[in-house]
1. Out of the total accessible area of region 271-335 (probe 1.4 Å, heavy atoms of protein only), what percent is carbon and sulfur?
2. Taking 7 Å along the Cα-to-C-beta vector as the label spot, tell me the Glu450-Ile386 distance in nanometres, rounded to one decimal.
3. Over region 238-280, with the other protein chains present, what is the accessible area per residue in square angstrom, probe 1.4 angstrom?
4. Stretch Ala282-Met37 to full length: gain in nm at 0.36 nm per residue minus the Cα-Cα span?
5. Would you please name the trypsin sites (Lys or Arg not before Pro) within region 303-361 that are DSSP coil residues with at most 13 other C-beta atoms within 10 Å of their C-beta?
6. At Arg289 and Ala218, where each label point lies 7 Å from the Cα along Cα→Cβ, what is the point-to-point distance in nanometres?
7. Subtract the Cα-Cα distance of Arg480 and Ala77 from 0.36 nm times their separation in residues, and report this length gain in nm to one decimal.
8. With a cut-off of 8 Å between alpha carbons and a minimum separation of six or more residues, what is the relative contact order of region 216-346 in percent?
Amino acid sequence: MHIATCVWQEKATAAAEAAMGAEGKKGGERVVSVAAMAAAAGGALNCVVSFVVFSLLDVLDVVLCLVYKLVDYAVEAEWKPCYCTAASGAGEPRILVPPSAAAAVPGPKVVRLSSASSAANSKPRMQLEDVSDTLYVRPSLLADATRKGGAAGPAAPALTVTPAIAEMIRGKLDRPPRTPPRHHHHPAPPCWSDCDCKVCHSWSGGGGASHLYVHVQAPPPPPPAPAPETVKTEDVVFIHGFISSSVFWTETVFPAFSAAARGKYRMFAVDLLGFGRSPKPADSLYTLREHVEMIERSVLRRYRLGSFHVVAHSLGSVLALALAVKYPDAVKSLTLLAPPYFPVPESEAGAATQYVMRRVAPRRVWPPIAFGASMACWYEHVSRTICLTICRHHRVWDSLFRILTRNRVRTFLIEAFMCHTHNAAWHTLHNIICGSAARMGAYLDVLSSELTCKVAIFHGRDDELLPVECALAVGARVPRARVTVYDRKDHITIIVGQEELFAAELEAIWRSAAAE
């Protein structure tokens, strides 16, 4: 089995070895030996249970594939193609990306139609921008464990997809630029398994389909003349992470900023494409290009931002780096929280996206956050079932949470984590997190050698989703970056619970960037 699938066990073993070295010479060896044995036994049990559970999930996903095809046809009168059948079947047309071409250089993959009649086709070549092969190359756990040469890493996948997937991707790539719906009073209905409440589907009622939802917190208007001194306003763009929304910022650090900061900085918190109150088009592949273009259209051009600071969490860090590279003279400072950067070993270069997928989603039942990430990443139809259960009924979960807590706990995280569609979450996870495997190193090299903006990295030491080594790797790649690791903080509590501290950190970064 590939070594990346045993990250938790490696951590447990390392912790046991560290504890053994820290114990005293007399009497401590026996205690540490017992602890080491317990850690090893726990790791072995985790591997065995995980193998059984995820083998069952492999079977369940196949069953759910058939169930959803039948229900989709019964409800919406059409068969919807899915990626789980991409590795099988024959026929034309077929999309083929040779492994050598896929592994050559980071960037868009150029694919060709294998049909003999493709020469007569008006578009014999297509370009898949940021479409990750992890969407349609996800071997079962049994196949992964019995793969030849497993210890040496996965082989570069032969990126071949079935005609149904070819047509689906072709249709999404060849669609015209997204414009507001012609009939505002008759918006296209959402998929039957997606929520259609006002929060999730409000964008479909008018011209909002062409822009993201943006929460703007602007300084109050200046006092009437004559004013003794005019404060120059600066702009800050906040980008949330995976399955989140702008409320991750507006309900935490925004109220914690000082009066001076609220009077100087114009703050923009966006809901990314497919999340929160932003558009959730069913015809989107949610690629890096689409996400960045929507931020440009909805924030940079719409509000005429000439220069700005960027604050990003988790998945948003990839988009922040893409913006910084695209606008090198405009970005004043770059603050990244828990960036998802996994340096790809040379032995894995031919299958970088597969390597990152195994690091982000190791198919382990423990810790729980790894179990959730694995179900969301590896199983297309299991993850759709989760979205059907949670996201489509987020109003019910919100009401239950309010009743159980007697309305004493803010429920903004319900909106942040549950207001998205499966199509948006599935494609964004694969095309941004996994698909950026080859791009991240290039972005960081540009940031290090060509950009001069201030760079700050924050990470929680107890982050079990994206380990602290991600931030340390970014710091090693960008020597001028200031890396801060918070003890006893994880992927969420790096912000939630220490809002005032982090708001003060951001204000200090922005002041320092202005002074340089």
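1. 45 percent
2. My value for the distance between the label points is 3.7 nm.
3. Ligands and nucleic acids excluded, the figure is 22 Å² per residue.
4. Numbers: separation 245, 0.36 × 245 = 88.20 nm, distance 5.04 nm.
Value of the extension gain: 83.2 nm.
5. Arg304
6. Placing both labels 7 Å along Cα→Cβ, they lie 3.3 nm apart.
7. Working it through step by step, the gained length comes to 139.4 nm.
8. On the way: 185 pairs, mean separation 36.1, N = 131.
Relative contact order comes out at 28 percent.
The values are calculated or read from the model by the stated rules, or taken from the named source; none is laboratory data. Note that the coordinates shown come from a computational prediction; the quantities given were computed from them, not determined experimentally. Glycine also receives a Cβ, built like all others from the backbone with ideal geometry; neighbour counts cover every protein chain displayed. Only protein heavy atoms, including side chains, enter the accessible area calculation; ligands, DNA and RNA are left aside. Shrake-Rupley method; radii C 1.70, N 1.55, O 1.52, S 1.80 Å.
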